[in-house]
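The structure appears below as structure tokens.
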Amino acid sequence: MCIRDSVYIVFLFVYLYLCESKYKINMFTIRKATIDDRSLIHDLASRIWENTYGKILSKEQLGYMFDMMYAPDNILKQMEELHHQYFIILADDMPAGYLSIEKTGENTYNFQKIYSLPEMHGTGIGRFIIEQGINYLKEVHTGPFTIELYVNRYNPAIGFYRHMGLREIGTRDHHIGNGYFMNDYIMSMEVENK
């Protein structure tokens with residue numbers, strides 16, 4: 001065996017090891033969240049939020065928005081008063097993300113929150129979350145419907161959403177208080193449902 005063959009074998013073993021990394025997921029599952037999951041959603045968000053928006057928003061705006069959206073009492077309000085349906089995403093039975101859907105019109109639903117832990121990116125979890133959200137809506141809604149989401153105009157996930165079939169239909173600069181704005185693309189997708 002020559003040195004070139006030895007290098008090739010070592011390269012092959014390293015490649016195979018990396019392909020079998022600790023982030024290889026055997027199965028994603030989804031379940032409806034209940035009000036008892038408020039702390040879990042808050043904890044997941046605390047592990048996701050800065051990674052997602054730390055390079056886009058100031059620390060002050062990050063903190064303000066996090067409290068506004070993820071304080072357990074605010075999650076309760078979203079669930080009970082605003083009728084957001086939350087879901088917990090599990091990767092091999094471990095909490096790894098969440099989804100929140102709000103009905104905003106007769107045939108329109110807004111995917112309010114689509115988040116997964118940073119270490120799960122690239123595992124297929126994002127596709128799973130969106131597909132499962134659409135499957136849920138197909139069960140509860142008769143006929144075709146539209147899904148919308150708002151995504152920060154500097155969020156790299158825009159490319160992923162386009163890949164999933166969503167298209168930009170507009171922009172919004174939504175004042176959220178304290179002098180802060182959410183500067184978003186409005187993205188949309190029509191879903192056939194027979």
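The values are calculated or read from the model by the stated rules, or taken from the named source; none is laboratory data. These numbers were taken from a predicted model, which means no experiment stands behind them. Neighbour counts are summed over all protein chains in view; Cβ atoms, including those assigned to glycine, are modelled from backbone coordinates with ideal geometry. Side chains included, ligands, DNA and RNA excluded: accessible areas come from the protein's heavy atoms. Shrake-Rupley method; radii C 1.70, N 1.55, O 1.52, S 1.80 Å.
Between K32 and M68, how high is the FRET efficiency from 1/(1 + (r/R0)^6) when r is the Cβ-Cβ distance and R₀ = 25 Å? Nearest 0.05.
Computed FRET efficiency for K32 and M68 comes out at 0.60.
One quarter of the convex hull surface, Cα atoms only: what value does that give for region 99-194 in nm²?
Taking the Cα atoms of region 99-194, their convex hull projects to 6.8 nm² on average.
Starting from the Cα of T146, step 7 Å along the direction of its Cβ; do the same at E190; then give the gap between the two resulting points in nm.
Each label point is offset 7 Å from its Cα along the Cβ direction, giving 1.0 nm.
Starting from 0.36 nm per residue, how many nanometres of slack lie between E80 and K55 once their C-alpha separation is accounted for?
5.7 nm
How much of the DSSP bridge set in the chain is antiparallel, in percent, rounded to the nearest 5?
Taking every DSSP beta bridge with both residues in the chain, the antiparallel ones total about 90 percent.
Under the 0.36 nm per residue contour assumption, what length would be gained going from the current alpha-carbon distance of N135 and R47 to full extension?
My answer for the length gained is 29.0 nm.
How would K103, K55 line up by accessible area, probe 1.4 Å, largest first?
K55, K103
Amide H to amide H under 5 Å from T104: which residues, 5+ apart in sequence or cross-chain, H placed 1.01 Å off N in plane?
The answer is Y109, N110.
Using Cα pairs under 8 angstrom and six or more residues apart, how large is the relative contact order of region 79-194, in percent?
Here the relative contact order equals 20 percent.
Alpha carbon centre of region 137-164 versus region 78-95: separation in Å?
Region 137-164 and region 78-95 have Cα centres spaced 17 Å from each other.
Keeping all protein chains in place and using 1.4 angstrom, which order do T123, T104 fall into by accessible surface area, from largest down?
From most accessible down to least: T104, T123.
Among T123, I88, F66, which residue has its Cα furthest toward the positive end of the charge dipole of the chain, with +1 on Lys/Arg Cβ and -1 on Asp/Glu Cβ?
T123
Averaged per residue, what accessible area in Å² does the chain show with a 1.4 Å probe, protein chains only?
Roughly 59 Å² per residue, with all protein chains present.
If I stretch the segment between E168 and N183 completely, what's the gain in nm (0.36 nm per residue apart, minus their alpha carbon distance), one decimal?
My answer for the length gained is 4.1 nm.
Between helix 38-53 and the chain, what is the angle of the helix's C-alpha long axis to the longest principal axis, kept within 0 to 90° and rounded to the nearest 10?
That works out to roughly 70 degrees.
Given a 10 angstrom Cα cut-off, can you work out which residue in A33, A91, A157 is the most mobile in a GNM of the chain?
Maximum fluctuation in the GNM of the chain, among the listed residues, is at A157.
Give the aspartates and glutamates reachable from K194 as a straight Cα distance under 19 Å; neighbours fewer than 8 places away on the same chain don't count.
Straight-distance partners of K194: E106, E131, E139.
Can you give me the angle between helix 125-140 and the longest principal axis of the chain, using Cα atoms only, in degrees from 0 to 90, rounded to the nearest 10?
40
Any idea what Rg and Dmax come out to for the chain if you just take the C-alpha atoms, in Å?
When restricted to Cα atoms, the chain yields Rg and Dmax of 19.4, 71 Å.
Under the classification rounded if a/c is under 1.5, otherwise prolate if a/b is larger than b/c and oblate if not, where does region 68-114 fall, given a ≥ b ≥ c as square roots of the Cα gyration tensor eigenvalues?
Oblate, because a/c is 1.5 or more while a/b does not exceed b/c.
Where nothing but the Cβ of Lys and Arg (+1) and of Asp and Glu (-1) is charged, how large is the charge dipole of the chain around its Cα centre, in debye to the nearest 20?
Dipole size: approximately 480 debye.
In region 87-164, what chymotrypsin sites (Phe, Trp or Tyr not before Pro) fall in a loop by DSSP, with at most 13 other Cβ atoms inside 10 Å?
Y154
How much solvent-accessible surface does E106 expose, in Å² to the nearest 10, with a 1.4 Å probe and all protein chains in place?
About 150 Å², ignoring ligands and nucleic acids.
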